Structure formats: C-alpha cells, structure tokens
Amino acid sequence: MIIVTGGAGFIGSNLIWGLNQIGIEDILVVDNLSQADKHRNLNSLKIADFLDKEDFLAELPKLENLQTIFHQGACSSTTETDGR
C-alpha cells in the first residue's frame, strides 16, 4: 500500500494519477475531507480508500503492507500565519 497525504489536492491527485498510469492502485488517500469539493479531484482516480487527516495517526499502526508514504499534505492558504 502507498499512502498519499494531501491526495485530494492538486499536487497529490496528480501524483496519484501518475501512480495509476504505471498500474498502482493500492493507494490510501489522506486529506482534510470536510470540504466536499476536494472529492472531485479523486473522481477519475483509482484508489483503495480515503481517510480523513484527523483519523490518520490512529489508523497508521493498523495498516498492513505499507510500502511508501508521499507527504503532500499542507495548508495551502496564503493568509495563514506560521505554526497553524
């Protein structure tokens, strides 16, 4: 399994698209899924599952066959101050 944090965002979803192009579909997407419009970036992608970022750390030890984590998650707001 490959985990992509921030997978519903622009960069993360394009990374998943690239992984799909080489036949990788066992992908867990981790993102802030409280915004419904983020789901549209995942509509055409092949993933195993998605998980809200708030549940990620609790679920991480339970995941099996973990190969790689691509950490693309970040706050993309330019109005946020450091440390938020």
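Could you figure out which of (1) touching a Gly at 6+ places or on another chain (Cβ under 8 Å); (2) among the β-branched types (Val, Ile, Thr); (3) surrounded by fewer than 12 Cβ atoms within 10 Å (Cβ to Cβ) isn't true of Ile47?
Condition not satisfied by Ile47: (3).
Just checking, how many residues over the stretch 10-31 are farther than 10 Å from Lys46 by Cβ, touching a residue at least 24 places away in the same chain (Cβ under 8 Å) and part of a helix (DSSP H, G or I)?
Number satisfying all stated conditions: 5.
Restricting to the stretch 30-44, give me the number of residues that are within 16 Å of Ala74 (Cβ to Cβ), modelled with pLDDT under 90 and surrounded by 11 or more Cβ atoms within 10 Å (Cβ to Cβ).
4
A quick yes/no check of all residues on (1) β-branched (Val, Ile, Thr); (2) at pLDDT below 95; (3) in contact with a Phe, Trp or Tyr (Cβ under 9 Å, 6 or more places away or on another chain):
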| position | (1), (2), (3) |
| --- | --- |
| Ile11 | yes, yes, no |
| Leu28 | no, no, yes |
| Leu51 | no, yes, no |
| Thr68 | yes, no, no |
| Asp82 | no, yes, no |
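Please specify each residue of the stretch 32-59 satisfying the condition of being without any contact (Cβ under 8 Å) to a residue 24 or more places away in the chain and in a helix (DSSP H, G or I).
Within the stretch 32-59, Ala36, Asp37, Arg40, Glu54, Asp55, Leu57, Ala58, Glu59 meet the criteria.
The values are calculated or read from the model by the stated rules, or taken from the named source; none is laboratory data. Keep in mind the model is a prediction, meaning the values are calculated, not measured. Note that we place each Cβ from the backbone using ideal geometry, even for glycine, and neighbour counts take in every protein chain shown.
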